[in-house]
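Colleague: What follows is a structure written as structure tokens; I'll ask about it next.
Every number here is computed from the coordinates shown, using simple stated rules; none is lab data. Fair warning: this is a prediction, and the values are worked out from it, not measured in the lab. For neighbour counting, all protein chains shown are included, and Cβ atoms are generated from backbone atoms with ideal geometry for every residue, glycine included.
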Amino acid sequence: MTQTDGGKPLLDCRGLEITFNPGVADARKALDGLDFMLAEREFAVAIGSNGAGKSTLLNAIAGSVSLDRGTIRLGDRDLTRLAPYRRAGLITRVFQDPMSGTAAGMTIEENLALAEQRGRRRGFRAHLNPSRRDRYRDLLRTLSLGLEDRLTTQVALLSGGQRQALSLLMALISKPRLLLLDEHTAALDPRTADIVMQATLDAVRQTDVATIMITHNMRHAIETGTRLVMMDAGRVVYDVSGAEKNSLTPEALVERFKIDNDRMRLNG
Amino acid sequence: MDILTAFFNLVPITFAQSLVYSFLVLGIMIPFRIIGFPDLTSEGAFPLGGCVCAAFLVAGWHPLAATGMAIVAGALAGATTAFINLRFRINPLLAGILVFTALYSINLRILGRSNVALFNIDSVFDMISPNLITSVPLQIACFAVVLGAVWVLLRWLLSTEIGAAIRLIGVNPDLAPSLGISLWTCTIGGLALANASTAFGGALIVQLQGYADIGMGLGILINGLASLVIGETIVGRKTVTRQLLAPVIGAAVYYQLVSLGLSLGLHPSDLKLATAIFVLLALGLPALRGGAIQHERLRV
């Protein structure tokens, strides 16, 4: 299911365990011995109620929370003890909050340049030059948001949707091996969310980058991705792909797992 | 009219001094404005630069080498403040206070006593021209060239990939890891660079005045902040170039204002009170007017 061609998976998480507030009365296992694998080119959509451990899983993969137990490998590399900034060349993220994925006080071109240099050794080369600008202009054109004429605009002046679309470009410009999307359309109005989601699908299809996307939107969960993973209490409780995933309906999914979470929406 | 004549006569020499103090103001501006780290280390790094330079000069070192050692010492002081903040998660202000307090004792150890005269020892200025100490136009020309070189170097550095990473730390530090930027490297490097500039200013002042004094850093941080605020009021801080020009222009105006104040009869010992009130007004007025933006930007 998670393996392709009998080869090794791209992402291999074994026995991940994270407890928040250990030893205290409200200690909570955010990840409870979780195993998770993802193949090259696979697009997994993760759903589950609040506190199921979806975001914690992404944080663990990106390195922004540390594991109590378990190992994380990506390709040939053991990431388990690698500092988050050293993982950035391999794994990129788009966050839910448009403010946190971009640097507001810098221009669009500066943001793209910073993103492009991730994973490479930064040196005393010029941060921006005409050829980089041309490339950024072409990239921005693919968004069809008119940002290609606003390279020197401060990101602070962009709308949430524009910032989120820029975050997406920034996540892909350094050609990561794994893309993590943490409810990246949840903070947007429905129309903008659809635009950003469409841009996401186009970009993922074009680059074939392995992707994990968290969503609370059942329609997105059903319609996008090649695989659907449901989490509960720090474990994967349901994992489908292929024909079985394609035959899922939102109603059936909600019914089957009795999801009574108000953030689960049938039509978002 | 006598008062004004006295002031006008002092304008050139004050300007020459303000060029040297520009290194200090640059060293304050970089952490505060570019890295978003309210760094107080300069209160100790400035006399550190002076004391280290004086001690090596007395020990018979070449003036350039002595000045170089002062720069290295300043960089170490800045790196220490950054390390204390990062490793022990101590508030930036407190980390700076710890370092400049410790530096007071260290400076005294380095200097050996509370002040040292360098009258019969060659300085970097004697290397350039024996007349430099007495010729104000020559001083202005010389300092302007050195300051211009450092300024161009800083401007270039901030336009490189490394410089952009350092600037990001000041704009959105939480984003740094996901852009592959090490908060540690950039903070330590940035503060080292800033305090190297501050210590360089201290080393130059000591060689210009011909003596080093343990108390030369007292209140220097507030002088620098006052200069910075004045400069930013004049040229703004919208672009990196303007942000870098602000310390130089601010220092030039601030030290003329001080000179004017002294000519008008302000007691030298009241100068720090006057400067503190000035900085308070400059930073506080926007908040009183209801615009809290400037206030927030200082991140103190």
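Colleague: Rank A:GLN117, A:MET37, A:LEU139 by how far each Cα sits towards the positive end of the charge dipole of segment A:1-151 (+1 on Lys, Arg Cβ; -1 on Asp, Glu Cβ) and give me just the farthest.
Modeller: Of the listed residues, the answer is A:GLN117.
Colleague: Suppose R0 equals 41 Å. What FRET efficiency, 1/(1 + (r/R0)^6) with r the Cβ-Cβ distance, do B:VAL145 and A:ASN129 give to the nearest 0.05?
Modeller: Details: r = 29 Å, r/R0 = 0.71.
E(calc), rounded to 0.05, equals 0.90.
Colleague: Between A:ASP202 and A:VAL254, what is the FRET efficiency for a Förster distance of 25 Å, r being their Cβ-Cβ separation, to the nearest 0.05?
Modeller: On the way: r = 28 Å, r/R0 = 1.13.
The formula returns an efficiency of 0.35 here.
Colleague: Separate question: Between rounded, prolate and oblate, where does chain A land on the alpha carbon gyration tensor, with a ≥ b ≥ c its root eigenvalues, rounded for a/c under 1.5, else prolate if a/b exceeds b/c? Spell out each step's value before the answer.
Modeller: Details: a/c = 1.70, a/b = 1.37, b/c = 1.24.
Because a/c hits 1.5 or more and a/b exceeds b/c, chain A counts as prolate.
Colleague: Per residue of A:102-109, count partner chain C-beta atoms within 10 Å of its C-beta, then hand back the mean as an integer. Let's see the in-between values first.
Modeller: Details: counts 3, 12, 3, 7, 6, 0, 0, 0.
Mean number of neighbouring Cβ atoms from other chains: 4.
Colleague: Along the Cα-to-Cβ line of B:ASN120, 7 Å from the Cα, sits a label point; which residues in segment B:192-210 have backbone N less than 18 Å from it?
Modeller: Output list for this probe position: B:210.
Colleague: Moving to a separate point now. Read phi for every residue in segment B:84-90 and hand back ³J(HN,Hα) as whole Hz from Karplus 6.51 cos²θ - 1.76 cosθ + 1.60, θ = phi - 60°, with x for Gly and Pro.
Modeller: 4, 5, 6, 6, 9, 6, 9
Colleague: B:LEU138 to B:LYS238: FRET efficiency via 1/(1 + (r/R0)^6), r the Cβ-Cβ distance, R0 51 Å, to the nearest 0.05? Could the numbers behind the result be given before it?
Modeller: On the way: r = 35 Å, r/R0 = 0.69.
With R0 = 51 Å, the Cβ-Cβ based efficiency is 0.90.
Colleague: Calculate the spin-label point distance for B:ILE128 paired with A:ALA186, positioning each point 7 Å from the Cα along the beta-carbon direction, and give it in nanometres.
Modeller: The modelled label-to-label distance comes out at 6.0 nm.
Colleague: Given N residues in the protein assembly as shown, what is Rg(Cα) / (2.2 N^0.38 Å)?
Modeller: Working: Rg = 28.7 Å, N = 568, 2.2 N^0.38 = 24.5 Å.
Relative to the rule-of-thumb radius for its length, the protein assembly as shown sits at 1.17.
Colleague: Before anything else, pin down the relative contact order of chain B: Cα pairs under 8 Å, at least 6 apart, normalised by residue count, whole percent. The partial results should precede the final answer.
Modeller: Details: 469 pairs, mean separation 101.7, N = 300.
In percent, rounded to a whole number, it is 34.
Colleague: Another question, if that's okay. Report for chain A the percent antiparallel among DSSP-assigned beta bridges with both residues inside it, nearest 5. Intermediate results must be reported in sequence, preceding the final value.
Modeller: On the way: 22 of 40 bridges.
Given both bridge residues lie in chain A, the antiparallel proportion sits at roughly 55 percent.
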